[in-house]
Amino acid sequence: MTGLATIDFHGLPAMQVRAPDGACAIVTCHGAHIVSWIPAGGDECLYLSGQSQFATGAPIRGGVPVVFPQFAAHGALPHHGILRTRVWQLVGGEVCDGHARINFRSKDSDETRGVWPYGFAVELAVQLAGDHLEIAIQVQNTGVGQMSFHAALHTYLRVSDVRLVQLRGLHGTQYRDRTDGDKPVTDPAVVLGFGNETDRIYVDAPDTVHVRDVRRSLMIRSAGFRDLVVWNPGRAKAATLPDMPADGYLRMLCVEAAAIATPVVLRDNERWFGSQTLVAASI
């Protein structure tokens with residue numbers, strides 16, 4: 001059925017949004033976390049670990065978590081910041097001109113100001129139709145004084161076998177190798193393959209890259225974000241992650257629009273926008 005529907009997703013309140021052509025996504029109120037995206041006539045495109053806790057206060061492994069205002073452990077806040085485990089407010093949704101759209105909002109509170117003393121409002125808009133999924137984020141500084149932050153859309157792509165996946169579009173781009181002390185490297189590869197642990201922050205990355213799997217390709221386009229994170233834990237690190245199956249690393253690849261190398265800085269009432277669009281195609 002076209003439109004919006006409230007559902008239970010592993011015990012968490014969630015919204016299912018469906019476009020007239022059948023494209024469908026599920027977003028939990030917990031973290032405004034996109035946990036499923038199925039293009040029209042297609043298959044699931046996002047990886048989600050069945051070993052996630054799906055509980056209040058716990059992060060979900062997979063889908064598209066919102067990273068804000070800290071990336072990973074680059075600061076004193078919880079890993080990946082303070083929004084991915086909070087309950088967001090549903091502020092709108094519609095089906096119009098063949099597209100389906102849903103909007104969530106989160107803002108500062110006594111709890112957030114206790115660990116990060118800034119006034120903010122963050123909105124996430126998810127729009128889909130056909131083979132497209134667009135995820136847009138807006139951050140507003142609602143407090144007094146300058147606010148600096150990192151942000152990312154931590155997108156877990158579902159793949160058949162990561163060892164068979166190719167990523168194109170990053171040749172000649174410098175990255176920080178997080179498996180080697182953030183060592184700066186200029187990527188010499190025209191085609192990036194996977195097998196061992198990969199953890200890279202591409203700085204000033206191209207706005208479009210392509211992921212090619214055995215049966216599907218994805219074009220990934222970003223705007224507003226200057227960086228791109230590429231991550232797969234590999235076998236050894238995956239074995240240390242309690243919320244991922246031992247072979248889960250074979251079924252996922254993270255390609256994340258991000259603002260990390262240079263933090264975003266907003267003055268009073270200023271806003272920042274960023275987006276990531278996924279376009280799926282069968283091979």
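The values are calculated or read from the model by the stated rules, or taken from the named source; none is laboratory data. This is a predicted model, so every value here is computed, not measured. Quick reminder, even Gly has a Cβ in these numbers, built from the backbone with ideal geometry, and neighbours come from all protein chains shown. Keep in mind that these areas ignore ligands, DNA and RNA; they rest on the heavy atoms of the full protein, side chains included. Shrake-Rupley method; radii C 1.70, N 1.55, O 1.52, S 1.80 Å.
Here's a check for you: in the range 194-216, which residue that is among the β-branched types (V, I, T) and touching a residue at least 40 places away in the same chain (Cβ under 8 Å) is surrounded by the most Cβ atoms within 10 Å (Cβ to Cβ)? Before you say what the answer is, go through the steps one by one.
Of the range 194-216, the ones among the β-branched types (V, I, T) are 198, 201, 203, 208-209, 211, 214.
Subsequent filtering for residues that are touching a residue at least 40 places away in the same chain (Cβ under 8 Å) retains 201, 203, 209, 211, 214.
Details: I201: 25, V203: 17, V209: 21, V211: 22, V214: 10.
So the residue we want is I201.
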Output the number of residues of the range 120-177 satisfying the condition of being within 25 Å of V190 (Cβ to Cβ) and either assigned to a strand (DSSP E or B) or not acidic (D, E) (or both).
22
Test result for S106, under 23 Å from L48 (Cβ atoms), part of a strand (DSSP E or B) and either in contact with a Phe, Trp or Tyr (Cβ under 6 Å, 6 or more places away or on another chain) or of a type outside the set (V, I, T) (or both):
yes
The range 92-117 residues that are open to solvent by 100 Å² or more (accessible area, probe 1.4 Å), paired with ones that are outside any helix (DSSP H, G or I) and aromatic (F, W, Y) (beta carbon under 7 Å, 6 or more apart)
K107/F120
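Among the residues in the range 266-281, are any under 19 Å from D180 (Cβ atoms) and not in a loop (DSSP other than H, G, I, E, B)? Quick ask: steps written out before the conclusion?
Keep residues of the range 266-281 that are under 19 Å from D180 (Cβ atoms), which gives none.
No - not one qualifying residue is present in the range 266-281.
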For A258, which of the numbered conditions (1) over 20 Å from the mean Cα position of the chain (by Cα); (2) under 23 Å from A58 (Cα atoms); (3) not in a loop (DSSP other than H, G, I, E, B) fails to hold?
(1)
Return only the number of the condition from (1) part of a loop (DSSP other than H, G, I, E, B); (2) closer than 14 Å to I260 by Cβ; (3) open to solvent by less than 50 Å² (accessible area, probe 1.4 Å) that A55 does not satisfy.
(2)
Among the numbered criteria (1) in contact (Cβ under 8 Å) with a residue 12 or more places away in the chain; (2) open to solvent by 40 Å² or more (accessible area, probe 1.4 Å), which single criterion is violated by A73?
(1)
Residue satisfying all of: in the range 255-283; farther than 22 Å from G81 by Cβ and open to solvent by 80 Å² or more (accessible area, probe 1.4 Å); modelled with the lowest pLDDT among these
I283
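How many of the residues making up the range 217-254 are part of a helix (DSSP H, G or I), open to solvent by 50 Å² or more (accessible area, probe 1.4 Å) and either under 18 Å from A280 (Cα atoms) or not basic (K, R) (or both)? Spell out the reasoning first.
To start, the set of residues in the range 217-254 that are part of a helix (DSSP H, G or I) comprises 234-238, 248-251.
Next, only the ones that are open to solvent by 50 Å² or more (accessible area, probe 1.4 Å) stay: 235-237, 251.
Restricting the remaining residues to those that are either under 18 Å from A280 (Cα atoms) or not basic (K, R) (or both) gives 236, 251.
Number satisfying all stated conditions: 2.
Identify the residue in the range 18-38 that is in a loop (DSSP other than H, G, I, E, B) and touching a residue at least 40 places away in the same chain (Cβ under 8 Å) and, among all such residues, is surrounded by the most Cβ atoms within 10 Å (Cβ to Cβ). Working first, answer last.
At the first step, the residues of the range 18-38 found to be in a loop (DSSP other than H, G, I, E, B) are 19-23, 29, 31-32.
Cutting the leftovers down to touching a residue at least 40 places away in the same chain (Cβ under 8 Å) gives us 19-21, 23, 29, 31-32.
On the way: A19: 22, P20: 16, D21: 17, A23: 24, C29: 18, G31: 25, A32: 30.
Residue satisfying both the conditions and the ranking: A32.
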Do we have V139 as surrounded by 18 or more Cβ atoms within 10 Å (Cβ to Cβ) and either under 19 Å from V27 (Cα atoms) or in contact with a strand residue (DSSP E or B) (Cβ under 8 Å, 6 or more places away or on another chain) (or both) here?
yes
Working only within the range 13-22, note down all residues that are over 19 Å from the mean Cα position of the chain (by Cα) and on the phi < 0 side of the Ramachandran plot.
P13, R18, A19, P20, D21
Scanning for something among the aliphatic types (A, V, I, L, M), closer than 28 Å to P233 by Cβ and in contact (Cβ under 8 Å) with a residue 60 or more places away in the chain, does the range 46-63 turn up at least one residue?
yes
